[in-house]
Amino acid sequence: MQKIDFNVPEPTLRRLPWYLAYTKLVQQAGESYLSSTQIASNIAVDASKVAKDLSYVQISGRTRVGYDVNELVNVLETFLGFTNSHKAFLFGVGSLGGALLHDDGLNQFGLEIVAGFDVKYELAGTSIHRVPIHHIDHFIELQKQTKINIGVLTVPVDKAQETAEMMIDGGIQAIWNFTPFRIRVPENIIVQNTSIYAHLAVMFNRLNELNSKR
């Protein structure tokens with residue numbers, strides 16, 4: 001059985017899905033082996049870094065041949081938790097929340113959003129992409145029934161901290177935060193911040209820097 005290393009540096013964890021995505025493309029093309037040099041050259045990462053990253057997932061390549069493509073896909077998917085189904089609640093059924101509920105790709109990567117919650121009473125009893133929507137008042141009851149401990153946070157920024165605290169009090173242990181607000185949580189709560197606005201700011205800044213040099 002594969003030994004799981006839970007002390008993987010975060011930069012490595014961020015790169016492993018890139019390796020998986022490229023390896024799947026190679027798999028679809030019918031290739032049997034893939035070297036760390038090939039991975040590095042196609043996703044702009046240093047080859048030594050690729051080899052170091054893959055050492056955490058307990059897979060070894062063959063000298064002058066590389067990694068078995070099918071094995072690499074299986075090992076990476078298992079290591080990253082994409083082969084297991086992790087159920088989650090979504091909080092804030094606005095435009096972004098609704099878009100995530102429509103995203104079938106999340107299921108392919110092991111995340112199944114089973115219910116959405118919102119403060120708007122008119123949304124209660126409806127559904128989006130077959131996912132039922134409830135008023136936020138029903139969260140505690142449903143959490144006790146399901147024991148779901150992952151929450152996706154897509155509320156307006158001024159409601160982010162308040163909603164996060166409510167989620168934690170109700171049993172949520174891991175929060176995928178899509179708001180640009182950096183919520184404050186106890187040390188035993190996991191937060192993954194994914195602000196599209198922050199990434200947009202970085203892109204704009206780099207674009208302005210590029211154009212200023214012309």
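Report, for the range 1-116, the % of DSSP beta bridges that are antiparallel, rounded to 5.
So the antiparallel bridges amount to about 40 percent of the total.
With labels modelled as points extended 7 Å from the Cα through the Cβ direction, what inter-label distance (nm, one decimal) is found for Asp169 paired with Ala201?
Inter-label distance under the simple model: 2.9 nm.
Calculated from DSSP H runs of 4 or more alone, at -39500 (n - 2.57) each and per residue, what is the 222 nm mean residue ellipticity of the chain, nearest 500?
Calculated from helices alone, the mean residue ellipticity at 222 nm is -13000 deg cm²/dmol.
For the range 150-190, state which GluC sites (Glu not before Pro) are in a DSSP loop and have at most 11 other beta carbons lying within 10 Å of their beta carbon.
Answer in residue order: Glu187.
Hey, can you list the DSSP H helices of the chain whose Cα span along the axis is 18 Å or longer and whose average Kyte-Doolittle score is at least -1.0?
Qualifying helices, which must be both long enough and hydrophobic enough, are 10-28, 196-212.
Checking the cross-link filter: which aspartates and glutamates have an alpha carbon closer than 12 Å to that of Lys87, excluding same-chain neighbours under 8 positions apart?
Within reach: Glu112.
Take the eigenvalues of the Cα gyration tensor for the range 1-140, scale each by 5, and report the square roots as semi-axes in whole Å, largest first.
For the range 1-140, the semi-axes come out at 38, 15, 13 Å.
Tell me which residues come under 5 Å, amide H to amide H, from Lys87 once H is placed; ignore anything under 5 positions away on its chain.
Glu112
When the chain is modelled as a GNM with alpha-carbon springs shorter than 10 Å, which of Ala47, Ala160, Ala88 fluctuates the most?
Of Ala47, Ala160, Ala88, the most mobile in the Gaussian network model is Ala47.
List the trypsin sites (Lys or Arg not before Pro) in the range 32-119 that DSSP assigns to loop (not H, G, I, E or B) and whose Cβ has at most 16 other Cβ atoms within 10 Å. Which are they?
In loop regions of the range 32-119 (DSSP not H, G, I, E or B), the sparsely surrounded trypsin sites (Lys or Arg not before Pro) are Arg64.
Pick from Thr63, Thr154, Thr83: which is most flexible by mean-square fluctuation in a GNM of the chain where alpha carbon atoms under 10 Å apart are linked?
In the Gaussian network model the winner is Thr63.
Which of Ile59, Ile113, Ile175 moves the most in a Gaussian network model of the chain with Cα springs under 10 Å?
Highest fluctuation among the options: Ile59.
Among bridges DSSP assigns within the chain, what percent are antiparallel (round to 5)?
Looking only at bridges with both residues in the chain, the antiparallel portion is about 20 percent.
In whole percent, what relative contact order does the chain give with Cα contacts below 8 Å and a gap of six or more residues?
13 percent
Once fully extended, how much extra length lies between Asn188 and His138, figured as 0.36 nm per residue of separation less the alpha-carbon to alpha-carbon distance?
Additional length available on full extension: 15.6 nm.
Values in this text are rule-based calculations from the coordinates and carry no lab data. The structure presented is a predicted model; accordingly, all values stated were derived computationally and were not measured. No Cβ is skipped: glycine too gets one built from the backbone with ideal geometry, and neighbour counts run over all protein chains shown.
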